[in-house]
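Take a look at the structure set out below.
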Amino acid sequence: MRQSFAAYFFFAALFLFCAGVTLLPGGAGAEPFKCSICHKDLIRGPVPHKPVAAGKCLDCHKQFNDNHPLGKDSMGFKVPKENLCATCHGYIVQKPFLHKPVGKGECTSCHMAHSADYKSLLKDPSPTLCFRCHPKDHFTGTFTHQPVAEGDCLACHDAHQSEGKSLLRKPGSELCFMCHDRSAFTGKSVHQPVRNGECVNCHIIHGGPYRKLLKEDYPTVLYKPFDNDAFPICFRCHDPQLASLDTTEVSTKFRNGSRNLHAVHVKKASKGRSCRMCHNPHAEVQDRLIYPKAVGFGNWDIPIRYEATPTGGGCSVGCHRTLRYDRVKAVEQ
């Protein structure tokens, strides 16, 4: 009888010891169970934070003290809250430009700390999450950039950090060439903004009222009566006098002597040529951004063969005989 009592006492003591390890503040061995008893609401989402899924609450939190759960800071963080995420995710704060919430250590502006309904513990999917801070009307228009229309902000932007402004994934036109075929923007002649990687000189990034996301209107018709407001996107940089003056010595290099040949082409009452009839706005295989073919004339693409010389050039097209010009000594023809 005495042996049975001793055995009973031993196992009872062992049980109480194990229970103490589990339930007392120092008993981290059963951490996931004791936390989830009260905090089930924090771990209901289908996407858990890895430490939460592993029951490692103390990866982020201090062990609770005697005031838990009612005492102030009774289960605080191991480090100040604004620095906490960087103890594991420090790789997202290494570049010079940081997303404002990241820079302030306000990760929970976008992320849930314990579990969420969306991947990466996001509070909402993109772009709904982005529109919490960024006004939605800044990203709408008659014409919308495809990634914006698809809600794929991360096609161009990094959510946390970047080497340049606006959290862009790559600088300048290198970003654009992630989607747009680089070969369409190379050639014998390249438009200066394209050559400089300044696509935003002509294009709006997210959305706007004009086709091709242009900042101003660019007529697509072949013929258009000329005036100084006829081609607003072009005249953002180019002086309208390159086409408006009948004679000039300085406003354009496309002249025969002082006769302005731009004016000859565009200043016609019924068939003033538009810029797009001859010029590619990005790059071309010929000098002066001249198309090798003028499209839009039914089934016939009119061939254009342009040759530049040091002081002029010559043009052979399907609509007229070869004509030449020289700025120094006018060509008689």
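The values are calculated or read from the model by the stated rules, or taken from the named source; none is laboratory data. Model, not experiment: these values are computed from the prediction. Using ideal geometry, Cβ is built from the backbone for each residue, glycine included, and neighbour counts are taken over all protein chains shown.
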*Taking the range 283-303, which residues are part of a strand (DSSP E or B) and either free of Cβ contacts under 8 Å to residues at least 40 places away in the same chain or in contact with a strand residue (DSSP E or B) (Cβ under 6 Å, 6 or more places away or on another chain) (or both)?*
Ala283, Glu284, Ile290, Lys293, Ala294, Val295, Trp300, Asp301, Ile302, Pro303
*Failed condition for Tyr218, given (1) surrounded by fewer than 17 Cβ atoms within 10 Å (Cβ to Cβ); (2) part of a loop (DSSP other than H, G, I, E, B), with all others met?*
(1)
*Take the residues in the range 121-164 that are touching a strand residue (DSSP E or B) at 6+ places or on another chain (Cβ under 7 Å) and part of a helix (DSSP H, G or I), then tell me which one is nearest to Lys104 (Cα to Cα).*
Leu121
*Condition met for Lys104 (surrounded by 13 or more Cβ atoms within 10 Å (Cβ to Cβ) and either aromatic (Phe, Trp, Tyr) or free of Cβ contacts under 8 Å to residues at least 40 places away in the same chain (or both))*: no
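Listed here are the residues, each with its yes/no results for (1) modelled with pLDDT under 80; (2) farther than 30 Å from Cys130 by Cα; (3) surrounded by 14 or more Cβ atoms within 10 Å (Cβ to Cβ); (4) not aliphatic (A, V, I, L, M).
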position	(1), (2), (3), (4)
Ala12	yes, yes, no, no
Leu16	yes, yes, no, no
Gly45	no, no, yes, yes
Pro51	no, no, yes, yes
Phe64	yes, yes, yes, yes
Gly71	yes, yes, no, yes
Met75	yes, yes, yes, no
*Taking the range 183-208, which residues are assigned to a helix (DSSP H, G or I) and polar (S, T, N, Q)?*
Ser183, Gln192, Asn201
*asked:* Name the residue that is farthest from His180 (Cα to Cα), counting only residues in the range 196-208 that are without any contact (Cβ under 8 Å) to a residue 60 or more places away in the chain and surrounded by 17 or more Cβ atoms within 10 Å (Cβ to Cβ).
replied: His203
*Quick check: is even one residue across the range 29-39 under 30 Å from Ser109 (Cβ atoms), in a helix (DSSP H, G or I), out of contact with any strand residue (DSSP E or B) (no Cβ under 7 Å at 6 or more places or on another chain) and at pLDDT below 70?*
yes
*Within the range 304-333, restricting attention to residues that are part of a loop (DSSP other than H, G, I, E, B) and of a type outside the set (A, V, I, L, M), which residue is modelled with the lowest pLDDT?*
Cys319
*Just need a number here: residues in the range 89-120 that are of a type in the set (Ser, Thr, Tyr) and assigned to a loop (DSSP other than H, G, I, E, B).*
1
*Which residue pairs have Cβ atoms closer than 7 Å, lie 6 or more positions apart in sequence or on different chains, and pair a first residue in the range 250-265 that is over 18 Å from His320 (Cβ atoms) with a second residue that is surrounded by fewer than 16 Cβ atoms within 10 Å (Cβ to Cβ) and among the hydrophobic types (A, V, I, L, M, F, W, C)?*
Gly257/Ala330
*Quick one: Arg288 ticks every box in (1) more than 18 Å from Val190 (Cα to Cα); (2) surrounded by 13 or more Cβ atoms within 10 Å (Cβ to Cβ); (3) of a type in the set (D, E, K, R) except a single one, so which number is it?*
(1)
*Please tell me if Cys107 is modelled with pLDDT of 95 or more and either in the same structural domain as Tyr210 (by TED's automatic domain parsing) or touching a helix residue (DSSP H, G or I) at 6+ places or on another chain (Cβ under 6 Å) (or both).*
no
*Inside the range 294-333, can you point out the residues that are under 28 Å from Ser173 (Cα atoms) and either surrounded by fewer than 13 Cβ atoms within 10 Å (Cβ to Cβ) or not assigned by TED's automatic domain parsing to the domain that holds Glu249 (or both)?*
Val295
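Looking at the range 119-127, is at least one residue touching a His at 6+ places or on another chain (Cβ under 8 Å), under 18 Å from Leu154 (Cα atoms) and exposed (fewer than 14 other Cβ atoms within 10 Å of the Cβ)?
First, pick out the residues of the range 119-127 that are touching a His at 6+ places or on another chain (Cβ under 8 Å): 120-123.
Then keep just the ones that are under 18 Å from Leu154 (Cα atoms); that gives 120-123.
From the residues that got through so far, the ones that are exposed (fewer than 14 other Cβ atoms within 10 Å of the Cβ) too are 120.
Checking the range 119-127: at least one residue is touching a His at 6+ places or on another chain (Cβ under 8 Å), under 18 Å from Leu154 (Cα atoms) and exposed (fewer than 14 other Cβ atoms within 10 Å of the Cβ).
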*Using the structure shown, decide if Arg211 is among the charged types (D, E, K, R), surrounded by fewer than 16 Cβ atoms within 10 Å (Cβ to Cβ) and assigned by TED's automatic domain parsing to the domain that holds Cys275.*
yes
